[in-house]
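Okay, structure first, notes after.
The values are calculated or read from the model by the stated rules, or taken from the named source; none is laboratory data. Quantities reported herein were computed from a predicted structural model and do not represent experimental measurements. Positions of Cβ are backbone-derived with ideal geometry, glycine not excepted, and every protein chain shown enters the neighbour counts.
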Amino acid sequence: MGKQGSLIKRLTDIIISIFVLIITSPVLLLSIIAIKLESSGPALFIQERTGLSGKKFKMYKFRGMIDNALSYGPELTQIDDPRITKVGKFLRRTSIDEIPNFINVLKGEMSIIGPRPEIISITEGYSDEQKKVFQFKPGITGYSQINGRQMLSPEERVKMEIDYYKNENIFRDVTLLFHTINVVITNKGNI
């Protein structure tokens, strides 16, 4: 939390990530078992996303869809998407599917708080104005995630993120983190 690129933000990211991964390790193990029991394929879904400075990185999530779901439908999840498994619905509703993102934070590819890391096919079409979002390290949670989440278009998300992160500070980030907890509990804006 705090200004992009600051030592305080990086140290906070590392400490929180280690704590979350340790405290949720039983949940992580149960999630892996549940995913493997319900469907074949890997427990983790690894997908290239666009990060800081427009560099690509592999983002980790728990797989919430059938194996090879991208070969059976669109790249973006749809409302009532039939490819989502029963376990996947629960993982997505509770945001447990995103806990592996903390590995990306430890690797320095993501931050706890930052713009949503978008898929390559979306970011390839960004305008010069939208590419300003690449000045900020993507986050597990962020301004657009607490203000509409998946109900926003990629264009709406980018505009919100650029506006927020231009004036980012530790106090706004702490407030955003508490709002995130509320959004996760209420499942607001999730599909």
| Extreme residue, modelled with the lowest pLDDT, among residues of the stretch 108-125 that are under 16 Å from SER95 (Cβ atoms) and part of a strand (DSSP E or B) | ILE113
| So, of the residues in the stretch 58-82 that are at pLDDT 80 or above and either of a type in the set (Gly, Ala, Ser) or surrounded by 18 or more Cβ atoms within 10 Å (Cβ to Cβ) (or both), which turns out to be nearest to GLY108 (Cα to Cα)? | MET59
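Taking the criterion of being more than 20 Å from ILE18 (Cβ to Cβ) and either touching a residue at least 60 places away in the same chain (Cβ under 8 Å) or of a type in the set (Gly, Ala, Ser) (or both), would at least one residue in the stretch 103-116 satisfy it? Don't jump to the end; show me each part of the working.
Of the stretch 103-116, the ones more than 20 Å from ILE18 (Cβ to Cβ) are 115-116.
With the extra rule that they be either touching a residue at least 60 places away in the same chain (Cβ under 8 Å) or of a type in the set (Gly, Ala, Ser) (or both), the set shrinks to none.
Checked against the condition, which is being more than 20 Å from ILE18 (Cβ to Cβ) and either touching a residue at least 60 places away in the same chain (Cβ under 8 Å) or of a type in the set (Gly, Ala, Ser) (or both), the stretch 103-116 yields no hits at all.
Any chance the stretch 126-141 includes a residue that's at pLDDT 85 or above, of a type in the set (Gly, Ala, Ser) and crowded, with 16+ Cβ neighbours inside 10 Å?
Looking for residues that are at pLDDT 85 or above, of a type in the set (Gly, Ala, Ser) and crowded, with 16+ Cβ neighbours inside 10 Å, one finds at least one in the stretch 126-141, hence yes.
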| task | Kindly provide the set of residues from the stretch 45-63 that are under 21 Å from ALA34 (Cα atoms) and out of contact with any strand residue (DSSP E or B) (no Cβ under 6 Å at 6 or more places or on another chain), ordered by number. | result | PHE62
| Contacts under 7 angstrom Cβ, first residue in the stretch 157-173 being more than 11 Å from ASN147 (Cβ to Cβ) and without any contact (Cβ under 8 Å) to a residue 40 or more places away in the chain, partner among the small types (Gly, Ala, Ser) and surrounded by 15 or more Cβ atoms within 10 Å (Cβ to Cβ), 6 or more apart | none
| assigned to a loop (DSSP other than H, G, I, E, B) and among the small types (Gly, Ala, Ser), is that true of SER31? | no
| task | Return the residue satisfying two criteria in turn: it lies in the stretch 34-57 and is assigned to a helix (DSSP H, G or I) and touching a residue at least 60 places away in the same chain (Cβ under 8 Å), and of such residues it is nearest to the chain's Cα centre (by Cα). | result | LEU52
